[in-house]
Amino acid sequence: MEILSQMWSFLGLLTVLQNILPTQLLSLLHSFYESLQDLFSPYSYFEIPEFNGYCGVDLNELYRHVNLYLNSVNPSAATCRRLTLSRSKSSNCISFTVAPNHTIHDTFNGGHRLSWTHHVETVQDSLEEKRSFTLKLPKRHRHLLLKPYLDHVTSKAEEFERVSRERRLFTNNGNGSSYESGWVSVPFRHPSTFDTLALEPELKKQITEDLTDFANGKEFYHRVGRAWKRGYLLYGPPGTGKSSLIAAMANYLCYDVYDLELTKVTDNSELRSLLIQTTNRSIIVIEDIDCSVDLTMDRIAKRSSSRSRQPPPHPSLNRDAEQENGRVTLSGLLNFTDGLWSCCGEERIIVFTTNHRDNVDPALVRCGRMDVHVSLGKCGFHAFKALARNYINIDSHPMFQMVETCINSGGSLTPAQIGEMLLRNRWNPDMAMKEVVSAMQLQLQSQTQHNNNNQGGGEVEYDEIMLTRSPESILAAGSPEQWDSSPIKVGGGGGGRSGKKRKEGTSNGEKKVNFLVRLRSLTKYDSDRRVA
């Protein structure tokens, strides 16, 4: 009791001195006390205010990074007595912050203990609040810990912001050359992922590894002096999953998607303006590049002009003519993908899609513009099993062997065709499998007749080649990289082939017909056995 009475007396004395002594003297005594405390304390303290300076306008970027970093820490493992939880309308995840005047502990670099204290003070005679974080770390290790730890905090904060932020889907509105933004956006919530994508495992692994290397290649691209961007060309028949692959890439990297509609772009200047307005960590998509604008006419016009006897017009007249035409030219699109203006941002992926790769100008698909060529063909057996697992929730079925045999014989369908049949019969897996096998048998019969009709010669069109591709996945040699989900295995001969080749093609056709008859008998036998 005597000790308590002495403490109360000492506190009363302090209160009296605070009311009597001048403010300047009290401030000096307070500073002396803090200096004395810092001298004998084994820790160093670093304050990070919310705003830089005294104006309260310039936001301190380090304060924001600390807030994001503490959000990335597992709240269940955080040693803090009180946390403030919140969730915005645009996000599905719950974020938390350290409650005012509470502390959260952290470890770094071999078990060194650090702590963050969130200070919130109310400004006198005002409703505003002054916020700051105070970092406490061991004094004897502060020179070794401070900079690496703050770099670690910034890196983790940027990664957390990239993953947790709401992704957007942009499209150009035709106002790219004005002072307003040329893009409008909606939330990007496409559900496609590499887990649900109908791709062969080897091709899926190649794409995901390439995307990971690209996202982690900042130092590499800067060291070799290349712009931090990568080009993808996706080609194949309709329904093979080109758009779904783009959505899966965006969800895998947590990037925004810019769907560029070239028919809405008036000229090269507007195209360049749209490129400047795109953000980092984004995928710029131009679908059906061979149908968007007639880019091959530029090259044809140049060739016809060089072959004519008339002298070419002055270059300035050509530029004026292009501006008068008011359209996107091949040179403008090349500068968009691989020119100086393409380096105005970082961490961008440019994707072209087409149904006919041969119709795309070679200048657009060379190395440095479209670095990776991905051929999307018919559905392979592993991709079919992924579709069956997604749509009808089965991993095995007695008819899987028949499906695999049909696929290996050339009777495969596109993922869109198989997905539609499975969707219609998603409550009846047996009926779904029977419909898929019947459609594959019909495709195999049609393909056999088609091959027999082509034995007499003639060139095979691109769509006809895609129908006869085997859906295996390989990484083809050459440059640029060609990732093919369906290498060409075309049977039959052309007009210049020998009679022996034609006989071999005829025998292959007869084998396919015999195999089809055997498949039908097996299907009939299986259905009769189920009825019995």
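Of the residues making up the stretch 128-147, not a single one is within 19 Å of the chain's Cα centre (by Cα) and either part of a helix (DSSP H, G or I) or closer than 24 Å to Phe96 by Cβ (or both).
Considering only residues that are in contact with a strand residue (DSSP E or B) (Cβ under 9 Å, 6 or more places away or on another chain) and part of a helix (DSSP H, G or I), look in the stretch 259-270 and name the one that is surrounded by the most Cβ atoms within 10 Å (Cβ to Cβ).
The extreme case among them is Glu270.
In the stretch 194-231, how many residues are within 25 Å of Glu346 (Cβ to Cβ) and either part of a loop (DSSP other than H, G, I, E, B) or charged (D, E, K, R) (or both)? Result for the stretch 194-231: 15.
Considering only residues that are farther than 14 Å from Leu413 by Cα, among the charged types (D, E, K, R) and not in a loop (DSSP other than H, G, I, E, B), look in the stretch 354-393 and name the one that is least open to solvent (accessible area, probe 1.4 Å). Taking the candidates together, the pick is Arg357. Of the helices (runs of 4 or more DSSP H) lying entirely inside the stretch 398-454, those containing at least 3 residues that are open to solvent by 30 Å² or more (accessible area, probe 1.4 Å), assigned by the TED database to the domain that holds Lys385 and free of Cβ contacts under 8 Å to residues at least 40 places away in the same chain are 415-424, 429-453.
For the stretch 109-121, indicate whether the set of residues that are in contact with a helix residue (DSSP H, G or I) (Cβ under 8 Å, 6 or more places away or on another chain) and open to solvent by 80 Å² or more (accessible area, probe 1.4 Å) is non-empty. Steps first, answer last, please.
Looking only at the stretch 109-121, we keep the residues that are in contact with a helix residue (DSSP H, G or I) (Cβ under 8 Å, 6 or more places away or on another chain), and these are 109, 112, 114, 116.
Checking which are open to solvent by 80 Å² or more (accessible area, probe 1.4 Å) leaves us with 109.
Checked the stretch 109-121: at least one residue is in contact with a helix residue (DSSP H, G or I) (Cβ under 8 Å, 6 or more places away or on another chain) and open to solvent by 80 Å² or more (accessible area, probe 1.4 Å).
Taking the criterion of being closer than 14 Å to Leu70 by Cβ and open to solvent by 90 Å² or more (accessible area, probe 1.4 Å), no residue of the stretch 122-145 qualifies.
The values are calculated or read from the model by the stated rules, or taken from the named source; none is laboratory data. Keep in mind the model is a prediction, meaning the values are calculated, not measured. Virtual Cβ from ideal backbone geometry, glycine too; neighbours counted across all protein chains shown. The protein model used for the area step is the full one, side chains on, heavy atoms only, and it has no ligands, DNA or RNA in it. Shrake-Rupley method; radii C 1.70, N 1.55, O 1.52, S 1.80 Å.
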